[in-house]
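*Asks:* Would you mind keeping the following structure in view while I ask a few things?
The values are calculated or read from the model by the stated rules, or taken from the named source; none is laboratory data. Everything numeric in this text was worked out from a predicted model, so none of it was measured. Cβ: placed from backbone, ideal geometry, glycine included. Neighbour counts: every protein chain shown.
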Amino acid sequence: MDKNKHLDKISDANRGKDCIAIDDVQKYFSSIGIDMGRSAVRTRLSRWKEKGLIYRIARGKYKIASSHEFIQESDAIIRKCVKLFDSEYDDLAYSIWNTKLLNSYMNHIPINSFYVFECEKDIIESVFYLFKDNGLNAFLKPNPELMSQNVVSDKNSIIVRPLISRSPSIKVKNIQFASPEKILVDLFCDQETFYIYGGSEMNMIFLSMFRNYTINYSKMMNYAERRKRHKELLRFISEYIEPNFENII
């Protein structure tokens, strides 16, 4: 990624800070003899954002883009799920991801991973049977007992559950994957489902993803609010992950 020379110097001048703001950019240009108003700064920030050099994490606050891109990879099961779903519900929203992507952030790696497929609650039962009838190892909203006895012990298990409206997603090759913001919030909110990713493992996952990827904090906290866990997540992140988090957002 080609970084703008001014942006590199702004980053150096604000090393140790969690993000850069309009005032930081304005102060930098003033230090090199360029009088730039706030409107012009916003335009400059917008251009950098369009080029992928920075990401907005909250209103008026940005982070320098990481060289690490959050990658969701498809496989035969993901492609089969999406193909089956699109054959019946091509115009409806869904989200899919595989918990395997969390393995590199954990101290104790689970033997098996599982898939999470979400769609509108009115059709989840039909989608569950669609998957089962086509040879997929699907489970409909499994309870904790089913999670521990079947889902996490079986290979290639697929959880089918309701999709919360406006869930953050990433589209890759026409597949709607869960975004990192959604994954983090769901891990925090659904600890009965993701119990093997809880406790110290969840702390490690949050820390690693915050450090290695550009997480859109506003998007993450808006989704947490729709899940009615905004305050709890804010406390968790402030206590264990990012002490200054409340000031950033």
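*Asks:* I need the full set of residues from the range 88-102 which are over 16 Å from D75 (Cβ atoms) and charged (D, E, K, R), in order please.
*Replies:* Within the range 88-102, E88, D90, D91 qualify.
Yes/no matrix, rows are residues, columns are (1) surrounded by 14 or more Cβ atoms within 10 Å (Cβ to Cβ); (2) within 21 Å of P162 (Cβ to Cβ):
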| residue | (1), (2) |
| --- | --- |
| I34 | no, no |
| S46 | no, no |
| A58 | yes, no |
| K63 | yes, no |
| A76 | no, no |
| S87 | no, yes |
| D91 | no, yes |
| T99 | yes, yes |
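*Asks:* Also: Can you tell which of E181, E242, E232 is surrounded by fewer than 15 Cβ atoms within 10 Å (Cβ to Cβ) and either in contact (Cβ under 8 Å) with a residue 24 or more places away in the chain or not assigned by TED's automatic domain parsing to the domain that holds F114 (or both)?
*Replies:* Details: E181 fails: surrounded by fewer than 15 Cβ atoms within 10 Å (Cβ to Cβ); E242 fails: surrounded by fewer than 15 Cβ atoms within 10 Å (Cβ to Cβ).
Residue meeting the stated conditions: E232.
*Asks:* Since N216 meets every condition but one in (1) surrounded by 16 or more Cβ atoms within 10 Å (Cβ to Cβ); (2) free of Cβ contacts under 8 Å to residues at least 60 places away in the same chain, which condition does it not meet?
*Replies:* If we test N216 against (1) surrounded by 16 or more Cβ atoms within 10 Å (Cβ to Cβ); (2) free of Cβ contacts under 8 Å to residues at least 60 places away in the same chain, just (2) comes out false.
*Asks:* Assuming S46 fulfils every condition listed in (1) at pLDDT below 90; (2) more than 27 Å from N244 (Cα to Cα) apart from one, which condition is it?
*Replies:* Among (1) at pLDDT below 90; (2) more than 27 Å from N244 (Cα to Cα), the lone unmet condition for S46 is (2).
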